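I have placed the structure first, in the form of structure tokens, so that the comments after it can refer back to it.
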Amino acid sequence: MITHSHGDHLGGVLDSNGNLAFPKATIRMAAVEWAFLKSQAASAELVKAIDAHVQTFHAGSADGARDPVGRAARPHSGPRRL
């Protein structure tokens, strides 16, 4: 899960040879962050390397949302005691 596209959050996605550090992983990223990253010329090689592994979501939307392991998101049903 990439929260935003700063280098300190994306730095471990590729290894020192430019290959995916975790080639079987799905990279989850908000759609707006992914669009921003793709618009940056300096990120072109990174985008090319991870493109097939990125799965976007619309932050703040439960409509069709999934949690990081693929379960359907549930709307919050009010306060709960833990």
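Anything in the stretch 33-57 that is more than 14 Å from M1 (Cα to Cα), touching a residue at least 24 places away in the same chain (Cβ under 8 Å) and surrounded by 12 or more Cβ atoms within 10 Å (Cβ to Cβ)? List them, or say none.
Correct list: F36, L37, S43, L46, A49.
Here are some residues: D8, D51, D63. Which one is assigned to a helix (DSSP H, G or I), modelled with pLDDT under 90 and of a type in the set (D, E)?
It is D8.
The values are calculated or read from the model by the stated rules, or taken from the named source; none is laboratory data. Since this is a predicted model, take the numbers as computed values, not measurements. Note that each Cβ is placed from the backbone with ideal geometry, even for glycine, and that neighbours are counted across all protein chains shown.
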